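See structure below.
The values are calculated or read from the model by the stated rules, or taken from the named source; none is laboratory data. Because the structure is a prediction, the values reported are computed rather than measured. Because the Cβ atoms are built from the backbone with ideal geometry, glycine has one as well, and the counts that use them run over all protein chains shown. Ligands, DNA and RNA are excluded from the accessible area calculation, which covers all protein heavy atoms including side chains. Shrake-Rupley method; radii C 1.70, N 1.55, O 1.52, S 1.80 Å.
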Amino acid sequence: MSEILRSRLVVSLLIAISLVRIAFSYVDTAQSFDEPCHVAAGIEFLDKGTYTLDPVHPPLARIAIGLPLYMAGERYPSLPQNDPNSRNYNVVGNDILYGSGHYMRNLVLGRMGVVPFFVLGAVIAYLWTRRLMGETAAIFAVLLYTTTPTILAFSSIAYTDIVAASTQLMAMFIFSLWLETPDRTRTIWLGIALGIAF
């Protein structure tokens with residue numbers, strides 16, 4: 001077995017173990033303060049095509065959080081327009097989470113939306129470290145990434161943090177590649193990566 005294949009198997013195993021750890025944390029972690037806000041904004045974008053409840057954050061993370069819920073049939077709630085709470089993102093988000101009687105399922109689905117970004121961060125940590133320092137260092141970089149409590153914590157709740165962190169890491173990695181060879185292909189990839197990060 002080649003060194004590259006062996007290291008990729010180890011990296012895949014480290015990521016898989018962390019994904020299991022994240023999944024097991026879902027039922028033990030109480031709903032955090034901002035989760036209804038992110039759920040509400042994501043479902044608003046996917047269901048209504050608008051982004052007015054809380055446009056403070058870029059929509060990518062919110063779409064990722066809302067997409068599993070939307071695919072499971074959750075929609076923007078019908079709240080009375082004259083009720084001031086109909087524009088309160090916490091009220092709307094909690095209505096989405098609780099309204100169908102599937103609270104735990106909905107909370108887990110929203111949290112699952114950020115998991116691909118955890119994986120993206122691990123892959124970028126591997127690729128960038130391997131490029132600079134070799135296979136062994138890359139494995140240790142992934143080990144550190146996948147066991148850092150803060151990274152695991154923000155990968156297990158429906159927040160925007162791990163989405164922002166991993167996409168910014170990706171953009172910086174592609175920028176470093178572009179600095180080496182600023183050709184057309186890498187310029188296009190850099191533009192895409194920066195767009196996703198922003």
## Note on the structure
Of every hundred units of 1.4 Å-probe accessible area on the chain, the number belonging to carbon and sulfur atoms, as a percent, is 68
### Query
What are the semi-axes of the equivalent ellipsoid of the range 100-198, taken as the square roots of 5 times the eigenvalues of the Cα gyration tensor, listed largest first and rounded to whole Å?
29, 18, 8
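Relative contact order for the chain: what is it in percent, counting Cα pairs under 8 Å that are at least 6 residues apart? Kindly include the intermediate steps, with their values, before the conclusion.
Working: 261 pairs, mean separation 48.2, N = 198.
It rounds to 24 percent for the chain.
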### Task
Just read off the accessible area of residue 60 with the full protein assembly in place, 1.4 Å probe, to the nearest 10 Å².
70
### Task
List the pair-distance distribution P(r) of the range 89-157, using every Cα-Cα distance, as the percent of pairs falling in each 5 Å bin from 0 up to the bin containing the longest distance, rounded to whole percents.
3, 17, 18, 16, 13, 10, 8, 6, 5, 3, 0
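Using 1/(1 + (r/R0)^6) with R0 = 30 angstrom and r between the beta carbons of residue 32 and residue 147, what's the FRET efficiency to the nearest 0.05? Don't skip to the answer; put the middle values down first.
Values: r = 21 Å, r/R0 = 0.71.
Efficiency, from the Cβ-Cβ distance: 0.90.
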### Query
Taking +1 at the Cβ of each Lys and Arg and -1 at the Cβ of each Asp and Glu, which of 12, 72, 153 sits farthest along the dipole of the chain towards its positive end, judged by Cα position relative to the Cα centre?
12
### Query
Can you work out the base-10 log of I(q)/I(0) for the range 125-165 at q = 0.14, 0.19, 0.27, 0.31 1/Å, using the Debye formula on its C-alpha atoms alone?
-0.36, -0.59, -0.83, -0.92
### Message
Charges at C-beta only: +1 for Lys and Arg, -1 for Asp and Glu. How large is the resulting dipole of the chain about its Cα centre, in Debye rounded to 20?
### Response
480
### Task
With mean projected area of the Cα convex hull in nm² in mind, check (i) 12.7; (ii) 14.5; (iii) 11.9 and report the label derived from this structure.
(i)
### Query
If 140, 154, 175 are ordered by their accessible area, calculated over protein heavy atoms with a 1.4 Å probe, which sequence runs from highest to lowest?
140, 175, 154
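Given the alpha-carbon gyration tensor of the range 1-52, what are the semi-axes of its equivalent ellipsoid in whole angstrom, ordered largest first, with each equal to the square root of 5 times an eigenvalue? Can you show the working numbers first?
Values: eigenvalues 267, 62, 9 Å².
Square roots of five times the eigenvalues give 37, 18, 7 Å.
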#### Entry: Surface accessible to a 1.4 Å probe, per residue, for the residues of the chain, Å²
52
